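Here the structure is laid out as structure tokens; the discussion comes afterwards.
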Amino acid sequence: MANTVLIIDDEKKLNDLLSRIIGLEGFTVVQAYNGKDGLKILDREDVQVVISDVKLPDVNGVDLVKTIKAKKPYVEVINLTAYGTINDGVRSIQNGAFNYIVKGDDNDKIIPLLNQAVAKAQIQQNAFNADKKVSSKHSFIQIIGQSKAITNAIDLARKVAATDTTVLLLGETGTGKEVFASAIHYESQRRQMPFVAINCSSFTGELLESELFGYKAGAFSGANKDKKGLFEEAHHGSIFLDEIGEMSLDLQAKLLRVLESKTFIKLGDTQTTKVNIRIMAATNRDLQKEAEEGKFRLDLYYRLSVFTISLPSLNERKEDIELLAKYYLKFFTDKTGRAIKMSPDFLALLKNHQWKGNIRELKNVMERAVILADDTLTPDTLPPHFNTHVAETNSLDLQSIEKQHIGKVLAYTKGNKTETARLLGIGLTTLYRKIDEYGL
């Protein structure tokens, strides 16, 4: 597909001449005779480069550069002028122009410049589209729900995303705290910088300290080279500390220093390291109560809870269960290419269930149901504790049921043994033994 060049010049003869020359080089050319029309074309056309006169009837072409770059940052602009001045040339480049050339004197430069500008614009457009795709994937529009409880939480998160404020996310396990933290980051001014997440409960105190702050070679046995910590990895971006309530009191003191001074000292180092980061944290505990009881640093609690968002449990937003169930049904059936519908009885049981694991539990239940279903999700495809209904089967012995279940999971994963073992909750060696035993 040919790259598109927009020429904005009120001198029709020159505009037509440039259009013919550039068109012969294989570019698609669109024309405008003033800034207003040029911007309209930019909105509806996939333009890579704009060639604009400096003196237009309705706007200064140098100022127009800034407007174009604000609309589409990846588009390159070449300013043309009949009478070049140093001041205009400097302002043009400062506003983001690719180049500033004088008509007549620099005619032989236009095509080489145009090729360079297009090459740069293509790279920038690819990066812009990739960034937009990532941002969309992690944005608030991906959070499913229409209940007042979840929309209120989203509204608060949108407001704080535009700031650089520390955020504390509270909620039961599985309510989507990391999803919210990610969305806040990707809708903030730091969206193009790293988003780093860590679960504080997954590490011992010493290991968590080295993960967060890094260390110098020789800091301890086995530290053969310098290691960057996650705070450094997140420099200019955001870091999300999940299960912050699990952090030791000693480590909390070091985190407080990062919040107050944006500095820390690596293990084995004597110099401070400075970072520019936004900190977000989450917990399913009553952190204020624990702080008052001395189980969590009160001063750190106050610093973390500058802006607190409480995420509702699934039991507080029952009206969203059907939306979430339909989303996960589509998600898992798309992976297998199967057409599966959901029975009213199945949906009723989902709505009546007490979701201790919240959205994470619902997702797992839906994946299990899709594996077991033939063409419809029925109560039989739900875990036994959902209802007292016992599925009828011709083979009631445990081995027959186990063989049938493993076979369905293998079919769902298209024979992927590692994924099958994960879904079944058994070891890979055990799975291979069962496959041999049942002749699957």
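The values are calculated or read from the model by the stated rules, or taken from the named source; none is laboratory data. Quick caveat: nothing in here was measured; it's all calculated off a predicted structure. Reconstructed Cβ throughout: ideal geometry from the backbone, glycine too, with neighbour counts over all protein chains shown. To get the accessible areas, we keep the full protein, side chains included, count just its heavy atoms, and leave off ligands, DNA and RNA. Shrake-Rupley method; radii C 1.70, N 1.55, O 1.52, S 1.80 Å.
Sequence gap at least 6, Cα distance under 8 Å: using those rules, report the relative contact order of the stretch 215-272 to the nearest whole percent.
Relative contact order comes out at 40 percent.
Given the options Leu249, Met193, Ser238, identify the residue whose Cα lies farthest towards the positive end of the charge dipole of the stretch 193-348 (+1 on Cβ of Lys, Arg; -1 on Cβ of Asp, Glu).
Of the listed residues, the answer is Met193.
Place a point 7 Å from Cα of Lys12 in the direction of its Cβ. Which residues in the stretch 56-86 have their backbone N less than 20 Å from it?
Only 56-59 fall inside the zone, counting backbone N under 20 Å.
Report ³J(HN,Hα) in whole Hz for each residue of the stretch 52-67, in order, from the Karplus equation J = 6.51 cos²θ - 1.76 cosθ + 1.60 where θ = phi - 60°; Gly and Pro get x.
With the stated coefficients, the stretch 52-67 comes to 10, 5, 6, 9, 9, x, 10, 7, 7, x, 5, 5, 4, 4, 4, 5 Hz.
How much length, in nm to one decimal, is gained on full extension between Tyr302 and Glu45, taken as 0.36 nm per residue of separation minus their Cα-Cα distance?
Answer, rounded to one decimal: 87.5 nm.
Using 0.36 nm times the number of residues separating Gln271 and Thr151, minus their current alpha carbon distance, what extension gain do you get?
Gain in length upon complete extension: 38.7 nm.
Whose amide H sits under 5 Å from the amide H of Ser310, counting only residues 5 or more places off or on another chain, with H placed in the peptide plane?
Leu170
Taking the Cβ of Ser202 as the centre, find all other residues whose Cβ is under 11 Å away and add up their charges (Lys, Arg: +1; Asp, Glu: -1).
Neighbour charge sum, excluding Ser202 itself: -4.
Ranked highest first by average number of other Cβ atoms within 10 Å, how do 166-172, 222-228 line up?
166-172, 222-228
If you plug each phi of the stretch 305-313 into the Karplus form 6.51 cos²θ - 1.76 cosθ + 1.60 with θ = phi - 60°, what whole-Hz ³J(HN,Hα) values come out, in order, with x for Gly and Pro?
Those phi angles translate into 8, 3, 9, 10, 10, 9, 8, x, 6 Hz.
Under 5 Å between amide H atoms, partner at least 5 residues away or on a different chain: which partners does Leu377 have, H built in plane at 1.01 Å?
For Leu377, whose amide H was placed from the backbone, the distant partners under 5 Å are Lys341, Met342, Ser343.
Could you please report the charge total around Phe240, scoring K, R as +1 and D, E as -1 over all other residues with beta-carbon less than 13 angstrom from its beta-carbon?
-1
Evaluate the distance, in nm, between pseudo-label points positioned 7 Å from the Cα of Ile141 and of Leu323 along their respective Cα→Cβ axes.
Between Ile141 and Leu323, the simple spin-label model gives 1.5 nm.
Which entries of Lys72/Lys177; Lys12/Lys109; Lys13/Lys109 have Cα-Cα distances beyond 31 Å here?
Violating the 31 Å Cα-Cα cut-off are Lys72/Lys177.
Given an 8 Å cut-off on Cα distances and at least 6 residues of separation, report the relative contact order of the chain as a percent.
Reported relative contact order: 11 percent.
Can you pull out the trypsin sites (Lys or Arg not before Pro) in the stretch 229-308 whose DSSP state is coil and whose Cβ has at most 13 other Cβ atoms within 10 Å?
Qualifying residues, ordered by number: Lys295.
Roughly how big is the stretch 1-85's charge dipole about its Cα centre, with Cβ charges of +1 (Lys, Arg) and -1 (Asp, Glu), in debye to the nearest 20?
Taking the Cα centre of the stretch 1-85 as origin, the dipole is about 160 debye.
Find, to one decimal place in angstroms, the Kirkwood hydrodynamic radius of the chain, where the mean of 1/r is taken over every pair of different Cα atoms and then inverted.
It is 27.0 Å.
Show me, for the stretch 179-190, the HN-Hα J-couplings you get by feeding each phi into the Karplus relation (A = 6.51, B = -1.76, C = 1.60, θ = phi - 60°), rounded to Hz, glycine and proline as x.
Per residue, the Karplus-derived 3J(HN,Hα) values read 4, 5, 4, 4, 5, 4, 4, 6, 10, 9, 5, 8 Hz.
Treating only the Cβ of Lys, Arg, Asp and Glu as charged (+1, +1, -1, -1), what charge dipole size does the stretch 108-257 show about its Cα centre? Round to the nearest 20 debye.
Charge dipole of the stretch 108-257: 660 debye, to the nearest 20.
Tell me, what % of the accessible area of the stretch 36-101 is carbon and sulfur with a 1.4 angstrom probe?
Taking all protein chains in place, the stretch 36-101 shows 52 percent carbon and sulfur surface.
Taking amide H atoms as placed 1.01 Å from N in the peptide plane, list the residues 5 or more away in sequence, or in a different chain, whose amide H sits under 5 Å from that of Gly214.
Here the answer is Gly229, Leu230, since their amide H atoms fall under 5 Å of that of Gly214.
What lysines does Lys330 reach when the alpha-carbon gap must be under 22 Å and sequence neighbours fewer than 8 apart in one chain are set aside?
The reachable lysines, counting only those whose Cα sits under 22 Å from Lys330, are Lys133, Lys137, Lys318, Lys341, Lys351, Lys363, Lys408, Lys414.
Among 419-426, 360-367, how do they line up by average Cβ neighbours within 10 Å per residue, starting with the highest?
360-367, 419-426
State the answer as a single residue: which of Ala223, Ile143, Val118 lies farthest towards the positive end of the charge dipole of the chain, with beta carbon charges of +1 for Lys and Arg and -1 for Asp and Glu, about the Cα centre.
It is Val118.
Express the accessible area of the chain per residue in Å², computed with a 1.4 Å probe while the remaining protein chains stay in the model.
For the chain, the solvent-accessible area averages 52 Å² per residue.
Given 5 Å bins starting at zero, what is the percent of C-alpha pairs of the stretch 281-440 in each, up to the one with the largest pair distance?
All Cα pairs, binned at 5 Å, distribute as 1, 7, 14, 16, 14, 13, 9, 8, 7, 6, 3, 1, 0 percent.
Charges at C-beta only: +1 for Lys and Arg, -1 for Asp and Glu. How large is the resulting dipole of the chain about its Cα centre, in Debye rounded to 20?
Using only the charged Cβ atoms, the result is roughly 200 debye.
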